[in-house]
Every structure is written in C-alpha cells, then in structure tokens.
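Reviewing the structure listed below.
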Amino acid sequence: SGHATVGGRPTWRDPELYRRLGLVPEREAIPGYLTGEQFVVLRARLEGLDARTARSAAQRSLETVELWDVARRATGTYSKGMRQRAKLAAALVHDPQVLLLDEPFNGLDPRQRLHMIGLLRRMAAEGRTILFSSHILEEVERLAERILVIYAGRLAAAGDYRQIRRLMTDRPHTVIVRSSDDRRLAGSLIVDPAILGTELVDGHLRVRAADYGALARLLPRAARAVDVSLHEIRPTDESLESVFAYLVQPGGAR
C-alpha cells in the first residue's frame, strides 16, 4: 500500500515522468543477438531520442561503463558482469535524474565492483538520485548514505544505519579498546553504572554498555582518571550486517 512520487509528481499514469527515470532490472533483459551498441541505441530510441542523437548518446553511455571497446560484439557473447554494465549503459542513455537499480553488483568481478561504486558515487555527486536494492550488505554499507530495511513486506527502519544502531537501546553496545594499560582502564570503567561489563580478550579490552553516547563520553574520562592512553576504540556490531540482523529478529523491527 502507499504511493510513489518523483520530484513531487505522482508516478501513476504519467508516462512523461518515466523520461526522468533509468531502470536496471535484476532479470536479464538483453536480446543476445543485438550488439551492445544496438541494444543501447534501441533503448535511446525508445526514450524518444532521434537516430543521430541516439548513436552519440549510446557511445557516451557505453564509454561511461567501459564497454565501448566491445560495443560491436553480440551481447550473447558477454559475461554476466558485461551484460550488467550494458543494462546500466541503457539506463543512462537518456541522462535520467533518477536511477533505479535492482542488484546492480550481480556478476561483477572485484575490479568491476570498484568501478561501479566509483561511478555511482560520481553520479550521486552530480545531483542524481540513486535508489538500489542489494543483498550484498557490505556494498550497501560502502555506498549508501541512507538505507531502508524492508522485512516481511514492512519498512523496518530508514536512515543512517549507524544512527539506527545507536537508537537500539535494548541491544548492548560492545566496543574493542586498545590502551596503554587495559587492566587499569577496565578497573576504572567497571565501577560506573553505565558499563554492563568488561573483558580482557586476546590482548585487548572488550567493553559493553547500554548507551553508546554514555560510553563515548565515559571512556576518555576514565582513561584520564587513571593516566591511561587510548590507542583504539572500535565498535564490534555497528556494521550494516549487524543492524540488519537485529532488525529482522523477532521483535527487532520498530
């Protein structure tokens, strides 16, 4: 249920609005007998570009995704990663302001993934809105400024995943601390009611607290009080994967 708008305009029954959108579906949508250039030119014509403009726009788009050198090969001979980039070239050919990408990293090797991340970041910096879905949470974490977690058909959370994690006051926060004297620091921390526990593990100190903000304020004060230098403070469960796991557990979505 609900509704969708683009730039404040409802999308329902507004075909002209589609000219502002570029879509990369997860499913294959490339006729294998077409060359990469023919496929992107066809998409340009369907978006309303004339024949001359379509050819130049197709070249520019294929160069953007680093496929121009194989543009005259049949797409049926492309690898999965190459076909993925061809779909992105087709989505970009009419210079849309909004990109909708479904699993854009599927089939990409590590170098292609880095190129895709860099390309999406540049396009976002140029002012485009990019909405993508992905099950590769590490890529989402590296790329997205704002996440939406949808679980069992409902929106479980939206926003910066780090802020979402810090709002989960029912989930203790655990940080790894390296200092000049972990034992002395542990003794200074454990007397504070904000600290749920401390543990010396594998040459570092593990600290648990219910309130991340209180922990962040307490650590430097406690270290200074016992003349201990802090070398590293690292959260152990502030990744997007941890946030997602907490949200999809029974009772986790808010």
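The values are calculated or read from the model by the stated rules, or taken from the named source; none is laboratory data. Predicted, not measured: the structure shown is a model, and the values here were computed from it. Positions of Cβ are backbone-derived with ideal geometry, glycine not excepted, and every protein chain shown enters the neighbour counts. When the accessible area is computed, the model is the full protein with side chains, heavy atoms only, and any ligands, DNA or RNA have been set aside. Shrake-Rupley method; radii C 1.70, N 1.55, O 1.52, S 1.80 Å.
Could we say that ILE176 is under 18 Å from SER242 (Cβ atoms), open to solvent by 100 Å² or more (accessible area, probe 1.4 Å) and of a type outside the set (Asp, Glu) here?
no
How do the pairs read when you match residues in the stretch 21-33 that are farther than 12 Å from LYS80 by Cα with residues anywhere that are assigned to a loop (DSSP other than H, G, I, E, B) and modelled with pLDDT of 90 or more, using Cβ under 7 Å and keeping only pairs 6 or more apart or on different chains?
LEU21/PRO96; GLY22/PRO96
Pull out all pairs, ordered by first then second residue, where Cβ-Cβ is under 9 Å, the residues are six or more apart or on different chains, the first lies in the stretch 1-18 and is farther than 18 Å from THR129 by Cα, and the second is aliphatic (A, V, I, L, M) and outside any loop (DSSP other than H, G, I, E, B).
Short answer, once both residue conditions are applied: ASP14/VAL6.
Which one of these does LEU62 not meet: (1) in contact with a Phe, Trp or Tyr (Cβ under 6 Å, 6 or more places away or on another chain); (2) farther than 20 Å from LEU42 by Cβ; (3) assigned to a helix (DSSP H, G or I); (4) open to solvent by less than 20 Å² (accessible area, probe 1.4 Å)?
Just one mismatch for LEU62, condition (2).
Of everything in the stretch 12-52 that's hydroxyl-bearing (Ser, Thr, Tyr) and open to solvent by 40 Å² or more (accessible area, probe 1.4 Å), which residue is modelled with the lowest pLDDT?
Only one residue tops the list, namely TYR18.
Among the numbered criteria (1) open to solvent by 70 Å² or more (accessible area, probe 1.4 Å); (2) in contact (Cβ under 8 Å) with a residue 12 or more places away in the chain, which single criterion is violated by ASP181?
All conditions are met except number (1).
Would you kindly identify the helices (runs of 4 or more DSSP H) lying entirely within the stretch 138-247 that contain at least 3 residues that are touching a helix residue (DSSP H, G or I) at 6+ places or on another chain (Cβ under 7 Å) and of a type outside the set (S, T, N, Q)?
161-167, 212-225
Consider ARG85 against the criteria (1) more than 30 Å from ASP237 (Cα to Cα); (2) open to solvent by 50 Å² or more (accessible area, probe 1.4 Å); (3) not in a loop (DSSP other than H, G, I, E, B): it satisfies all of them except one. Which criterion is unmet?
Looking at each condition in turn, ARG85 falls short on (2).
One line per residue, one yes/no per condition, for (1) among the hydrophobic types (A, V, I, L, M, F, W, C); (2) at pLDDT below 80; (3) at negative phi:
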| site | (1), (2), (3) |
| --- | --- |
| ILE130 | yes, no, yes |
| SER134 | no, no, yes |
| LEU143 | yes, no, yes |
| ILE150 | yes, no, yes |
| GLY153 | no, no, no |
| ALA156 | yes, no, yes |
| GLN163 | no, yes, yes |
| ARG166 | no, yes, yes |
| VAL175 | yes, no, yes |
